[in-house]
Each structure stands twice: as structure tokens, then as C-alpha cells.
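S.K.: Dropping a structure here in C-alpha cells format, bear with me for questions.
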Amino acid sequence: MDWVFLSELAINGALTGLLYSLFAIGLVLIYKASSVPNLAQGGLTMVGAYVVLALSHDAGLPLWLAIPLAAVIMFGLGFGIERVALRRLAGRPVIMILMLTLGLDIFLRGTTLAIWGGTSRSIELGVSYEPLFLGDLFISRIHLVGAGVAVALFVAFMLFFRTRTGIKLRAIADDYMASWSVGISVEHGVGLSWALASVVAVATGVIWGEIQGVDQALSLLLLKGLTVAVLGGLDSILGAIVAGIILGVIENVGAEFLDPLVGGGSRELIVAAVLILTVMIRPHGLFGRHDIERV
Amino acid sequence: MQEKAEAAPILSMNSVEVLYDNIMLAIKGVSIQVPTGEMIALLGSNGAGKSTTLKAISGLLKAERGRISRGEIAFQGTDITEVLAQNRVGMGICHVIEGRRVFEHLTPDENLTAAAPRGMSRSALNAEKEKIYNYFPRLAERRNSQAGYLSGGEQQMLAIGRALVTQPSLLMLDEPSLGLAPFLVEEIFGILQKINREEGMSVLLVEQNALAALEIVSQGYLIENGRVVMHGTAEALKSNSDIQEFYLGGGEGTNFHNVKHYSRRKRWLS
Ligand SMILES: Nc1ncnc2c1ncn2[C@@H]1O[C@H](COP(=O)(O)OP(=O)(O)O)[C@@H](O)[C@H]1O
Ligand SMILES: [Mg+2]
């Protein structure tokens, strides 16, 4: 085992991890406003990718136009989900909302299967498959692009949460009743968080669709994305980024050592171990907010 | 009761009944008037229906599956019974809810920003904040720390400041003295009085601490079991023997009364 190989594993792991972060950012956005992990984020990601395909391959639009247009459509869909489904549940126990998101995920998967079928399709972003050489290191270009998108979204959302609208969203996450009492529209805020998460789903769907093709398997990203979000602390965008890098590195380096021992499949085991250990040892994750004891 | 002619009331509540979950009748025909620019107290023990009365006025009832089943509420002459809570804030009614409830993970400064009405310019918001920090200098010192770690008194000040950002013409406060040391209660009530005088803001103050409340208001209502049982000037109430016995700490039995209601009410809060 030489150092060049090890750093190559670590760097590519970190880049893949940032792609999980991309997914996790969507989860965090919704968690911040609703205190519920959105189990439908995988379904949304898949729908995002299919909408891009429908606009580009099927309707013939160029990708540079299809992607922003898909983002607009998904933004509307996110608002629609709040209006049609979530609003009725405001004030109900969180478990009900959680079950609703699960139902929504199943619905989105069923719908995409019915409309677009089960065969895998590909999104051609035009990113070269030739690896990039960084000194002696091989690096995947598409992963680098995806990681760049994740970091850009991270910066954008960090700034957003300092704007007045962003502060109102954080207020909603803290206390619905107090928000209503000062005239904040909780419904609108929750809708906005779903809309933003749906836009993130387009970005996630396009990048991952380019890497592994667009089919039902895209929705399974939920497992890794959720692990990253939990490790990061569920309500922390910074946590999603840091945890993504950590999980990506552990997974890639760890699998290299473990796979020969267990005969493959150790990636899933590593992810599962991280999720379970986080919940057991540090339930609020790396950067999650603690509930403050009242004075 | 006094019958002298006054300026048109900013708030007029007429025989209002409130039902929770369509079965629990929490207030049973409450009528209250808040004359424009005055401070009015709503007194009563735990479970009497004070908070429910405020929620009926602010519209927050809906969030607790409550509704007005009879009567009407007029604000500045307009019937608001069907108006959404967030729109009532826009009309000038702001409710500082029970238990302080600041946005704990935000700074005090962000708490104030969060309450900014739609369309308030940045400079107007900053001017508003400075005014609030002038009223509550303690908040100014801690404007960038995390609100969840402020002391109880500071949190109550922040909750009031946050309400002021919405620029209410009627400010309603639900037991702002709860759990605070007497000197803090005095400080906060003093500031409320100042705001009332300087801005002409009408105030509806819900309190169990009748002694402190009657010092700063002009009139008070006493509510028991969902009904108004007494109404008069602060002076008249202070000298009333029942009030003295039960609410100004003069007689026996007060504690038992409160304990019984308290345990009943805790169920709803959990
Ligand atoms: N959300 C609720 N659902 C059902 N009953 C409630 C609710 N809130 C209050 N109540 C009941 O309504 C009555 C009045 O309560 P409340 O208005 O909170 O009194 P107060 O503020 O004077 O202590 C009490 O009997 C209480 O148990
Ligand atoms: Mg109360």
C-alpha cells in the first residue's frame, strides 16, 4: 500500500462524499423547517433527473436550458407538496409527517415507473470520462464537478440563512407557535423549504444520473444521504458537508481494506455502522443543535 | 363598574365562547373592551380562560384546534373573527404568548429580524431595533449571543421586543411576570408603561400577579371558570375584598386553589 494510492482513495472518497452531501443538503433544508427527515428526498431526486431528461431528450431542449427549467418546475412541485399534503398535518405529531414523506416517496417511485418505465437512461452532461491527473493522482472529473456544485450550494445556503427570509425559516424551525404569533407564515416557510429541497434534488439527480444512470436506483441514494445528514446533525448545512467528506473517505478507504477480507459488499456495512454508531453515541451528530435547557 | 363615555375602544369582544376540539368549552361568553391607548388587565387563576381569551383575539386558537363558537371580536371597528392570525398581526394585534418562547437558536438580533413585517425596509427595521434596544438596554448588550442562553428576564424582554417589531397598536401579553424575580417584574412593567405612554400603544395584560398588574393598568377584568366575574378600575379592584383575599395574597386557600388548577392545566401543556 503506497501513499499515492491511499491519497487517491481518500480524495476520490471525499469527492464522492461531497456528492452524498449534495443529497443531504436537501434533507437538511426540510429538517430545518419541519423537524422531520424527508424520506421522499430520494424520490424527489429521481423525479428531478427524469424531468431533466423529459425536457432535454424527449422535448429536445439543450441541457443548459433543461436543467434550470426543471429546477423551476421542481420548485413549484415542492410548494405544491406543502399545499396539498403537509398543510393538513401542521401541528400533528412528527411521526405522522414522517409517514407522509414515506408515502410520498413510494408515490413518486410508482409514478416515475409508470411514466418512464424501468430501463436505465443516461444524462449526457458532456463531462469527459478521461480521469484528471493531479501529479500522480487519478481523479474523476464528474465527481469533481459534482463536488463543486455541492460546495457552491453550501455557500449559497449559508448566505441564504443570513437573509431575512432565511432567518424567518430558522425561526419557524425553532417554534411554530411563536412564529405565528409575530405574523410569520409558517405554511409559506415550510413550502419554501420543500421548494428549495426540490431544486437541490434536480442538482443531485443530474450529477448522480450522469454517474450511475437514471432509474429507480437513484432513489436509494436516500440511505447514504440520510447517513450523512444524521452524522452532520440533521439541521446543519455545514454538518452535511463535513459529514459527507468523512463518510466518503471512510467508505472508500475502508472498503479497500475490508473488501478482500469479507469478499465484497463492505461499503454498505461501513455506511450502516456509521449511521448506527452516530445515533447511539452522538444522536445530534457533529454539528446538530442541542436542545437548550430552559433557565 | 364605570359607565362614563370613552373614546371608541380599539378592541371589543362580545360574548365570545371558545371550544377546543369541538367539545371543551374553555370560555363561556366573555365580553371585554380595551379603550384606545389604555392598559387593561385580565386577571384570574390558572385555568380560568385568560390565555384562551388572548388566543381568540390573536387568532392563535386555530393552532390548538380551538375555535370561536359564538360571539364576535371587533378590532378598530372591524370584525376580525374570520381573519387569519398572520393577517391580524398585520392589522396591529400582537400576542406575546405564554412562557416567553423566544427563538432559542437565533440571536436576539435575529429574533427581532424574524418578526419584521413583510415589506419593512432595512433602514426602518434597524431604526425599530435601535428603539427596542433603547427600551431594553440589557438586550442591546447581548444582541449577538444565542437567545436560548439569555436569563428568564432577558428572554421576556426579547419576547416583548420581538412583538414590538411588528408595530402593534394592541399589544397583548400572557403572564409576562411568570417565574421572574420581583425587581425584574417591576423593571419590565415600568418599560411597558413607558411604551404605552410614549407610543400610545394599547395593552391587554394577562396576569396572575394581580398586585403588580393593578399598579400599572387603568382597569381590570377578573375571569373565573371561563366567565368575567368582575370589572372595574384598578383602584376599585385593589380595594375589593374578594380580590384582596384571593389574588393579593390576603387570605387563605389561594394556594390550594392554584395547585388544583395547575395540575389540571399541566396535562394540556404536555
Ligand atoms: N389546547 C387546549 N385544548 C383543550 N383544552 C384546553 C386547551 N388549552 C386550554 N384548555 C382548557 O381551557 C381552559 C382555560 O385554559 P387557559 O385559557 O389556558 O386558562 P388560563 O390561561 O387562565 O390559565 C382550561 O380548563 C384548560 O384546561
Ligand atoms: Mg394561561
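The values are calculated or read from the model by the stated rules, or taken from the named source; none is laboratory data. Nothing here was measured: the structure is a model prediction, and the numbers come from that model. Cβ sites come from the backbone with ideal geometry, for glycine too, and all protein chains shown count toward neighbours. SASA here: full protein model, heavy atoms, side chains in, ligands and nucleic acids out. Shrake-Rupley method; radii C 1.70, N 1.55, O 1.52, S 1.80 Å.
S.K.: Going by the alpha-carbon gyration tensor, a ≥ b ≥ c the square roots of its eigenvalues, is chain A rounded (a/c under 1.5) or, if a/c is not under 1.5, prolate (a/b greater than b/c) versus oblate?
M.R.: Numbers: a/c = 1.76, a/b = 1.26, b/c = 1.40.
Oblate shape, in that a/c is at least 1.5 and b/c is the bigger or equal ratio.
S.K.: Can you give me the angle between helix A:94-116 and the longest principal axis of chain A, using Cα atoms only, in degrees from 0 to 90, rounded to the nearest 10?
M.R.: Taking the Cα atoms of chain A, the angle to A:94-116 is about 60 degrees.
S.K.: Something else: Enter the buried accessible area of the A/B pair, total of both sides, probe 1.4 Å, in Å² rounded to the nearest 100. Display every interim value, and only then the final one.
M.R.: On the way: alone 14140 and 13280 Å², together 24770 Å².
Summing both chains' loss of accessible area gives about 2600 Å².
S.K.: OK, next. Please list log₁₀ I(q)/I(0) at q = 0.09 Å⁻¹ for the range B:9-261, using the Debye equation with identical point scatterers on the alpha-carbon positions.
M.R.: Summing over Cα pairs of the range B:9-261 leads to -0.38.
S.K.: As a test question: what accessible area, to the nearest 10 Å², does A:Leu100 have when a 1.4 Å probe is rolled over all protein chains in place?
M.R.: Probe radius 1.4 Å; accessible area of A:Leu100 about 50 Å².
S.K.: While we're looking at this one, here's another question. Tell me the carbon and sulfur percent of the accessible area for the range A:207-295, rounded to whole percent, probe radius 1.4 Å. Mind dumping the intermediate values first?
M.R.: On the way: 2930 of 4190 Å².
Percent of accessible area from carbon and sulfur atoms in the range A:207-295: 70.
S.K.: Moving to a separate point now. Kindly identify the protein assembly as shown as rounded, prolate or oblate by the Cα gyration tensor criterion: order the square roots of the eigenvalues as a ≥ b ≥ c, call it rounded if a/c is under 1.5, otherwise compare a/b with b/c, prolate if a/b is larger, else oblate.
M.R.: On the way: a/c = 2.58, a/b = 2.32, b/c = 1.11.
Judged from the Cα gyration tensor, the protein assembly as shown comes out prolate (a/c at least 1.5, a/b above b/c).
S.K.: Sticking with this one: Along the Cα→Cβ direction, 7 angstrom out, place labels at B:Arg227 and A:Thr119. What is the inter-label distance in nm?
M.R.: 7.8
S.K.: Among the residues of the range B:75-109, which ones have their accessible area go down by 30 Å² or more when all the protein chains sit together, as opposed to their chain alone (1.4 Å probe)?
M.R.: Checking the loss per residue gives B:Gln86, B:Val89, B:Ile97, B:Arg101, B:Phe103, B:Glu104, B:His105, B:Leu106.
S.K.: Let me ask something else about it. Relative to the longest principal axis of chain A, what angle (0 to 90°, nearest 10) does the C-alpha long axis of helix A:164-174 take?
M.R.: On a 0 to 90 degree scale, this one is about 80.
S.K.: Of the options B:Met91, B:Ser239, B:Leu214, report the single residue whose Cα projects farthest towards the positive end of the charge dipole of chain B (beta-carbon charges: Lys, Arg +1; Asp, Glu -1).
M.R.: B:Met91
S.K.: Where does chain A land at 222 nm, in deg cm²/dmol rounded to the nearest 500, when only DSSP H runs of n ≥ 4 count, each adding -39500 (n - 2.57), divided by all residues?
M.R.: Numbers: 11 runs with 205 residues, N = 295.
Taking each H run of at least 4 residues, the total per residue is -23500 deg cm²/dmol.
S.K.: Return the Rg/Rh value of the range A:1-125, two decimal places, where both radii are evaluated on C-alpha atoms and Rh is the Kirkwood radius. If you can, show how the numbers build up before the last one.
M.R.: Values: Rg = 17.7 Å, Rh = 16.7 Å.
On the Cα set of the range A:1-125, Rg over Rh gives 1.06.
S.K.: Let me ask something else about it. What average number of partner chain Cβ atoms lie no more than 10 Å from the Cβ of the residues making up B:118-126?
M.R.: Details: counts 5, 0, 1, 0, 1, 0, 0, 1, 0.
Average per residue, whole number: 1.
S.K.: Further question on the same structure: Among A:Gly91, B:Val30, A:Phe157, flag the residue with its Cα farthest along the positive direction of the charge dipole of the protein assembly as shown, charges on Cβ as +1 for Lys/Arg and -1 for Asp/Glu.
M.R.: B:Val30
S.K.: If packing is taken as the mean number of other Cβ atoms within 10 Å per residue, what is the order of B:157-164, B:74-81, highest first? Display every interim value, and only then the final one.
M.R.: Details: B:157-164: 25.1, B:74-81: 15.0.
The packing order, highest mean first, is B:157-164, B:74-81.
S.K.: Give me Rg/Rg_expected for the range A:53-207, where Rg uses Cα atoms only and Rg_expected = 2.2 N^0.38 Å with N residues.
M.R.: Values: Rg = 19.0 Å, N = 155, 2.2 N^0.38 = 15.0 Å.
The value comes to 1.27.
S.K.: Enter the accessible area of A:Val127 (Å², nearest 10), with the probe set to 1.4 Å and all protein chains included.
M.R.: Probe radius 1.4 Å; accessible area of A:Val127 about 30 Å².
S.K.: I want the antiparallel fraction of DSSP beta bridges within the range B:9-261, as a percent rounded to 5. Each step should come with its number before you reach the end.
M.R.: Details: 25 of 43 bridges.
Looking only at bridges with both residues in the range B:9-261, the antiparallel portion is about 60 percent.
S.K.: Read phi for every residue in the range B:85-91 and hand back ³J(HN,Hα) as whole Hz from Karplus 6.51 cos²θ - 1.76 cosθ + 1.60, θ = phi - 60°, with x for Gly and Pro.
M.R.: Once rounded to whole Hz, the list reads 3, 5, 6, 5, 4, x, 6.
S.K.: Can you sort A:Thr163, A:Thr16 by solvent-accessible area, 1.4 Å probe, largest first? It would help to have the intermediate numbers written out before the result.
M.R.: Details: A:Thr163 60, A:Thr16 25 Å².
In descending accessible area the options line up as A:Thr163, A:Thr16.
S.K.: Moving to a separate point now. Report, in degrees rounded to the nearest 10, the 0 to 90 angle that the Cα long axis of helix A:186-212 makes with the longest principal axis of chain A.
M.R.: Relative to chain A, helix A:186-212 is tipped by roughly 10 degrees.
S.K.: Something else: Which whole-number value in Å² is the accessible area per residue of the protein assembly as shown, probe 1.4 Å? Mind dumping the intermediate values first?
M.R.: Details: 24770 Å² over 565 residues.
Ligands and nucleic acids excluded, the figure is 44 Å² per residue.
S.K.: Which value in deg cm²/dmol, rounded to the nearest 500, describes the helix-derived mean residue ellipticity at 222 nm for chain B, given -39,500 (n - 2.57) per DSSP H run of n ≥ 4 and division by the residue count? Mind showing how you got there, number by number?
M.R.: Details: 11 runs with 110 residues, N = 270.
Only helices count here, giving -12000 deg cm²/dmol.
S.K.: Between B:Ala63 and A:Ile276, take the C-beta separation as r, use R0 = 30 Å, and let me know the FRET efficiency to the nearest 0.05. Numbers along the way, then the final one.
M.R.: Details: r = 36 Å, r/R0 = 1.21.
The value I calculate is 0.25.
S.K.: So in the protein assembly as shown, what percent of DSSP beta bridges are antiparallel if you round to the nearest 5?
M.R.: Numbers: 29 of 47 bridges.
Percent antiparallel among DSSP bridges in the protein assembly as shown is about 60.
S.K.: With +1 assigned to the C-beta of every Lys and Arg and -1 to the C-beta of every Asp and Glu, and no other charges, what is the dipole magnitude of the protein assembly as shown about the Cα centre in debye, to the nearest 20?
M.R.: Details: 45 positive and 50 negative charges, 164 e Å.
Here the size comes out at about 780 debye.
S.K.: On to the next question. Give the accessible area for A:Glu124 in Å² (nearest 10); use a 1.4 Å probe, count only protein heavy atoms, and leave out ligands, DNA and RNA.
M.R.: Surface open to solvent at A:Glu124 totals about 110 Å².
S.K.: With the cut-off at 1.5 for a/c, could you classify the range A:211-286 from its C-alpha gyration tensor as rounded, prolate or oblate?
M.R.: Numbers: a/c = 1.96, a/b = 1.24, b/c = 1.59.
Note, shape of the range A:211-286 comes out oblate.
S.K.: Moving to a separate point now. Please report, in whole Å³, the volume per residue of the convex hull around the C-alpha atoms of the range A:2-53. Mind showing how you got there, number by number?
M.R.: Working: hull volume 5.1 nm³, N = 52.
Cα convex hull per residue, to the nearest whole number: 99 Å³.
S.K.: How are the alpha carbon pair distances in the range B:179-228 distributed across 5 Å bins from zero to the largest one, expressed in percent?
M.R.: Taking every Cα pair in the range B:179-228, the percentages come to 4, 17, 29, 22, 16, 8, 3, 0.
S.K.: Which entries in A:Lys168/B:Lys129; B:Lys28/B:Lys238; A:Lys168/B:Lys50; B:Lys129/B:Lys194; B:Lys194/B:Lys238; B:Lys131/B:Lys194 show an alpha-carbon gap greater than 20 Å?
M.R.: Details: A:Lys168/B:Lys129 16 Å; B:Lys28/B:Lys238 25 Å; A:Lys168/B:Lys50 29 Å; B:Lys129/B:Lys194 17 Å; B:Lys194/B:Lys238 22 Å; B:Lys131/B:Lys194 12 Å.
Over 20 Å apart, Cα to Cα: B:Lys28/B:Lys238; A:Lys168/B:Lys50; B:Lys194/B:Lys238.
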